[in-house]
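Novice: Sharing a structure with you now.
The values are calculated or read from the model by the stated rules, or taken from the named source; none is laboratory data. Since the structure is predicted, the reported quantities are computational estimates derived from the model, not experimental observations. Note that we place each Cβ from the backbone using ideal geometry, even for glycine, and neighbour counts take in every protein chain shown. Ligands, DNA and RNA are stripped out before the accessible areas are found, and what is left, the full protein with its side chains, is counted by its heavy atoms. Shrake-Rupley method; radii C 1.70, N 1.55, O 1.52, S 1.80 Å.
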Protein chains: 2
Amino acid sequence: MSIAGRKVETVDAESKVEESPQDHRMELRLWLRLLTCANMIETEIRRRMRACFDTTLPRFDMMAQLERSPDGLLLGELSRRMMVSNGNVTGLVDRLVQEGLIDRQISPTDRRAARVRLTEDGRATFAKMAKAHSDWIAELLADMPARDQDVLLQRLGSLKSSVQSATGGAIPEPRRRGKT
Amino acid sequence: MSIAGRKVETVDAESKVEESPQDHRMELRLWLRLLTCANMIETEIRRRMRACFDTTLPRFDMMAQLERSPDGLLLGELSRRMMVSNGNVTGLVDRLVQEGLIDRQISPTDRRAARVRLTEDGRATFAKMAKAHSDWIAELLADMPARDQDVLLQRLGSLKSSVQSATGGAIPEPRRRGKT
DNA sequence: GGAAGATGTTTTAGCCTTAAACTATTTTCC
DNA sequence: GGAAAATAGTTTAAGGCTAAAACATCTTCC
């Protein structure tokens, strides 16, 4: 157990810790720093996506999902994979269709369902964006030793497990982005 | 140097690595996992804030800033500290004033400027929210060994440095939240 | 066959966010 | 003193996000 950065040995099975209110300083600090890192990177990537390709992260994210499914996806499936609401997907799809990057067609077998997939143009455009995205991330992490990266990845795995077990795993990996 | 999870020894000072296009798999994976963790936690905290206090993270964030400044803050100062735009602050302040949690008064010496501060009610309400917030974070991290938390904090520091040096430090810690 | 429930999508309503335009006030500087 | 520039804040326009309700279309099961 660690409180306010100092190690505290648990003296017995019914430690006082449970009785006195804790401030959880260590945990808060960790969360704040995690949030800061994620926001720094996200802000920068968003800015570059806008500047270089005049697009947004959610749009890029959607294209990344579609790129992995050449046969296209139903909107609901897309929604699940992106971890965003259905309504959100509708708007993003509208936008990408309008730009000619994806096309949408009603399923012949189920008239409720719509399937979307990348167009030729969309696939080519995505390839360029994915390359740039990948390079940008590498650039931002360039000053971090590879060894530290390995360690960080491991510990984030541990964090992820902890959060999943605390939330009943009900939140399955919200919104991944640009996985190529 | 590590590529795709395997260690690769640099054979000489002018390694081929620089010439051939890389996929930066390791960096991408790290970024995706970081984003997943941040989003999982943020989503859950947002949900609970809504459910328990019928408020939002930005509102909580604003109250946290004000709590640290008993004499109140000018809107511009608030905007700088929260790292959001001026217009954004206007809307949030309107909402909190309307709920009676903060009050806003025009500066007597400069009629352009407005100073906002927590009301008594606001201070009491914030105390409850901050306690819950802190407990929630601790709960989400509960399954992670304290040792891992320490390591994670260190490595995130390393990451932060890398990103800052890559972006010229131009992005000064976007939006911290609920720092109590 | 038809009601009930499940499933897929869209709509609605409400926040948050930035950038840019705008108002009002204060400062600067001739 | 008074015009020009700087500053503080608000408003507006455009986008993105979410949850929940509404709508449409299958599937199930009597």
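Novice: Within the bounds of the stretch A:65-88, is there any residue that is open to solvent by 20 Å² or more (accessible area, probe 1.4 Å), at pLDDT 90 or above, touching an Asp or Glu at 6+ places or on another chain (Cβ under 9 Å) and under 30 Å from B:Leu141 (Cβ atoms)?
Specialist: The answer is no; no qualifying residue exists.
Novice: Could you check the stretch A:82-115 and list, in sequence order, the residues that are of a type outside the set (Gly, Ala, Ser), within 13 Å of DNA strand C (Cβ to nearest atom) and within 21 Å of the chain's Cα centre (by Cα)?
Specialist: A:Met82, A:Val84, A:Asn86, A:Asn88, A:Val89, A:Thr90, A:Leu92, A:Val93, A:Arg95, A:Leu96
Novice: Within the stretch A:63-82, is there a residue that is farther than 21 Å from A:Ile106 by Cα and more than 9 Å from DNA strand D (Cβ to nearest atom)?
Specialist: Checked the stretch A:63-82: at least one residue is farther than 21 Å from A:Ile106 by Cα and more than 9 Å from DNA strand D (Cβ to nearest atom).
Novice: Same structure, new question: Would you confirm whether or not the stretch A:134-151 contains a residue that is open to solvent by less than 50 Å² (accessible area, probe 1.4 Å), in a helix (DSSP H, G or I), facing chain B (nearest Cβ under 10 Å) and of a type in the set (Lys, Arg)?
Specialist: No, the conditions are met nowhere in the stretch A:134-151.
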